[in-house]
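**Q** Below: one structure in structure tokens.
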């Protein structure tokens, strides 16, 4: 049996008397596109911060790409890519400067950086402009490619398509599929419920706990709803 | 004189090389819930700033409540409520302090505006001593809306009030807007979420500084120019790539659990497209596909109307 790309057991995080993440457990298989859904304040960001080694759990454990998120944070950082809507690239650097910067941070050699830079410019159809001048959609596609620059085993995407036009949003998902076909595990959050249907499996988090997890098809028939949007409305706000 | 609540004629605005607005014209009626729907960079915020008198247009003219946005700025400012997209509150003031500050700026008090804001403000009133910084996203949004309403404006401008907000809270917010509209308030609201267009009386679809179409949301799909079918089947990604190569494919995009396939032959019966496409898919090794003719939604229409350069799929 192959080892899961992400393995989470009873992961918990408290802030004072408040339990932000309450004993969550799940596995994500290599090459899987996993949608991590929940309302604002459900605990998604806290969970992601623990998985990428930025926040220590109060209890429980998690392994990402085979490494422990508490004891092996350094190894994990080499094995993961991360992008969010808020922080991705440096706007006052050019496309190539950003790629060189991140390549350097991830420990790639000059030759590798040059090779991957030109491949990236070509596949995204970009010139070497200042990143701040790019339209949001192109910026987000570039940020995703940069997050994959060091060929990580797992990539975390925190609302990557917020505010992006509907065509670019779909092109972005095609990049996700292509990465997953290549074996990269994709862990993604979104507020667009149609995008939840594009994931291999999804989980829905409510008040720090994972209340349901499965393929979109399984969950729709289990909860007897026509869409994931309807399921989200049903579960995310218990009356 | 126009009796529209908002009348915009040929407005243009440029920032250096960037044309933020190009020849934008529309009217919003009194008591209407009018939506500006489009992605980031469409020009929505620039348009709001022109209409709320914070930016001068380079070209064209606009009136709000019959008042000119350039000449009559002070008269307009007293009568509009504006909720900007970025957090408009003072983080180190409490909930109650923020509200009384906004009331005092307009020479009024919380008490005078209370009945109007009550349905919204009551939901956060028990936190009135809490600093605005420490509120959740949904609570900040309710406070910002209360602050924009406390002086009883005649028109409300809301710039992306639901961006980054989860699907359930978004729906609750729209319920509140409908309640406000019942009281006769004119509301102009922008959003990047296409599904929210359905909650407006009329919408303007915006992209790249231009208005693509203005219609009641239910009518936008009916103008879709080409036959459209929904396809479902296993191995969606490969199916998508394969359908793009079909002889008459115009556009193929994922839509939730389906793929939407637009045929490039206008006027052809969608039923015929479906059966032809079924044969094609079978020939490509996709035996189990289900294909049905469908009516276009807002997002189908928006993508079809988008200017060509962005339309090339990667």
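Values in this text are rule-based calculations from the coordinates and carry no lab data. Keep in mind the model is a prediction, meaning the values are calculated, not measured. Reconstructed Cβ throughout: ideal geometry from the backbone, glycine too, with neighbour counts over all protein chains shown.
**Q** Tell me, A:26, B:157 in order of fewest to most beta-carbon neighbours within 10 Å?
**A** With the fewest neighbours first, A:26, B:157 line up as A:26, B:157.
**Q** Please report the equivalent ellipsoid semi-axes of chain A, computed as sqrt(5 x eigenvalue) of the Cα gyration tensor, largest first, in whole Å.
**A** 30, 21, 16
**Q** For a footprinting-style exposure proxy, rank B:77, B:29 by other Cβ within 10 Å, fewest first.
**A** B:29, B:77
**Q** If N is the number of residues in region A:157-239, what value comes out of its Cα radius of gyration divided by 2.2 N^0.38 Å?
**A** It is 1.13.
**Q** Okay, moving on. Tell me what chain B gives for mean residue ellipticity at 222 nm when only DSSP H runs of n ≥ 4 count, each as -39,500 (n - 2.57), the sum divided by the residue total, rounded to 500 deg cm²/dmol.
**A** Calculated from helices alone, the mean residue ellipticity at 222 nm is -9500 deg cm²/dmol.
**Q** So what's the angle, to the nearest 10 degrees on a 0 to 90 scale, between helix B:95-105 and the longest Cα principal axis of chain B?
**A** Its long axis makes an angle of about 70 degrees.
**Q** Something else now. Which value in nm describes the separation of the simple spin-label points at residue A:75 and residue B:125, placed 7 Å from the Cα toward the beta carbon?
**A** 5.8 nm
**Q** Between residue B:30 and residue B:109, how many nm apart are label points set 7 Å from Cα along the C-beta direction?
**A** Distance between the two pseudo-spin positions: 3.0 nm.
**Q** While we're on this one: Just the ratio, please: alpha-carbon radius of gyration of region B:171-314 over 2.2 N^0.38 Å, N its number of residues.
**A** That works out to 1.22 for region B:171-314.
**Q** Report Rg/Rh for region B:225-294, rounded to two decimals, where Rg is the Cα radius of gyration and Rh the Kirkwood radius.
**A** Rg/Rh: 0.91.
**Q** Take every Cα-Cα pair in region B:99-245 and report what % of them are more than 26 Å apart.
**A** Result for the distance tail: 42 percent.
**Q** So how tilted is helix A:95-105 from the main axis of chain A? Cα-based, degrees 0 to 90, rounded to 10.
**A** 70 degrees
**Q** Taking a quarter of the surface of the Cα convex hull of region B:58-137, what do you get in nm²?
**A** Computing the convex hull of the Cα atoms and averaging its projections yields 7.0 nm².
**Q** Give the calculated FRET efficiency between residue B:250 and residue A:181 to the nearest 0.05, with a Förster radius of 30 Å applied to their Cβ-Cβ distance.
**A** So, using R0 = 30 Å, E works out to roughly 0.70.
**Q** OK, next. What number, rounded to the nearest 500 deg cm²/dmol, is the helix-based mean residue ellipticity at 222 nm of chain A, given -39500 (n - 2.57) per DSSP H run of at least four residues and division by all its residues?
**A** Theoretical 222 nm ellipticity from helices: -11000 deg cm²/dmol.
**Q** Please rank B:210, A:14, fewest neighbouring Cβ atoms within 10 Å first, as an exposure proxy.
**A** Lowest count first: A:14, B:210.
**Q** Against the longest alpha carbon principal axis of chain A, how many degrees, from 0 to 90 and to the nearest 10, is the axis of helix A:110-124 turned?
**A** 70 degrees
**Q** State the three equivalent ellipsoid semi-axes of region B:6-217, derived from the C-alpha gyration tensor as the square roots of 5 times its eigenvalues, in descending order and whole Å.
**A** Working from the Cα gyration tensor, I get semi-axes of 28, 19, 16 Å.
**Q** What is the spin-label model distance, in nm, from residue B:275 to residue A:234 if the labels are put 7 Å beyond Cα along the C-beta direction?
**A** 3.7 nm
**Q** Write down the Kirkwood hydrodynamic radius of the protein assembly as shown, to one decimal in angstroms, obtained as one divided by the mean of 1/r over all alpha carbon pairs.
**A** The Cα-based Kirkwood calculation yields 25.3 Å.
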